[in-house]
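Data block below; observations after.
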Amino acid sequence: MIRQLGVSVRLTIVSVIVLGLIYPLAMTGLAQLLFPWQANGALVTQGGRVVGSAIIGERWTQARYFHGRPSAAGKDGYDPTSTGGTNLAPSSKKLLDATRAAIVALRNENPDATLPVPMDLVTSSASGIDPEISPEAAYYQAPRVAKARGLALASVNGVIARTIEGRTFGILGEPRVNVLRLNLALDASSASAGR
């Protein structure tokens, strides 16, 4: 019994040192060495100040900006300390009702949109802080953004086209648009147009 207790205590101490100290420090060191920008939050700066993160979605509410996916992270959404999806089953009445309500709200917010409603604008992502939307979601919102900024729709569509990111390594995932980068590109475009 005493011998087994000694083995258990030694195994616990070794496990804490290896898994609780050495492994996390090694992974942190590797991340800083191989992926320093991502490991430090992928912060996007403009004019010498941090304006957001390229890997964490945020709430955009003004009509002049493109909006990201709905968020179920935290009480009010977009909380990076409380990430997660709704965890509602596809057969859930609550999910169906929420999606229908989101479609109505999206159509009211974008009355000039002629494209079909993109699903990523009415359903939250698994993390709840997805920083990207589909190109279809961006083009769907383009008439509202163009109208709010007093820009030609073709000009806004051009900014969208320039910010579309392709599949990772050409095969993984789907084409996407980073909402923060799109909105910053739109701000720069509007500024250069004198608006």
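A few remarks follow.
- Pairs with Cβ under 7 Å, 6+ apart, first in the stretch 86-104 and under 16 Å from A73 (Cα atoms), second at pLDDT 85 or above and assigned to a helix (DSSP H, G or I): T86/L95; L88/K94; L88/L95
- T81 fulfils the conditions (1) without any contact (Cβ under 8 Å) to a residue 40 or more places away in the chain; (2) within 20 Å of L180 (Cα to Cα); (3) of a type in the set (S, T, Y); (4) surrounded by 10 or more Cβ atoms within 10 Å (Cβ to Cβ) except for a single criterion, (4).
- Flag for S91 being assigned to a loop (DSSP other than H, G, I, E, B), more than 23 Å from the chain's Cα centre (by Cα) and small (G, A, S): yes
- R59, sole failed condition from (1) more than 30 Å from I133 (Cα to Cα); (2) basic (K, R); (3) surrounded by 11 or more Cβ atoms within 10 Å (Cβ to Cβ): (1)
- Which numbered condition S92 fails, given (1) surrounded by 11 or more Cβ atoms within 10 Å (Cβ to Cβ); (2) over 30 Å from Y139 (Cβ atoms); (3) small (G, A, S): (2)
- Scanning the stretch 161-186 for residues that are surrounded by 20 or more Cβ atoms within 10 Å (Cβ to Cβ) and more than 16 Å from the chain's Cα centre (by Cα) yields one hit, L186.
- Enumeration of residues in the stretch 110-142 that are within 16 Å of W60 (Cβ to Cβ), in contact with a helix residue (DSSP H, G or I) (Cβ under 7 Å, 6 or more places away or on another chain) and part of a helix (DSSP H, G or I): D120, L121, A137, A138, Y140, A142
- Taking the criterion of being hydroxyl-bearing (S, T, Y) and surrounded by 16 or more Cβ atoms within 10 Å (Cβ to Cβ), the only residue of the stretch 95-115 that qualifies is T99.
- Some residue of the stretch 11-26 being β-branched (V, I, T) and under 27 Å from T123 (Cβ atoms): no
The values are calculated or read from the model by the stated rules, or taken from the named source; none is laboratory data. Quick caveat: nothing in here was measured; it's all calculated off a predicted structure. Note: ideal-geometry Cβ built from the backbone for every residue, glycine included; neighbour counts use all protein chains shown.
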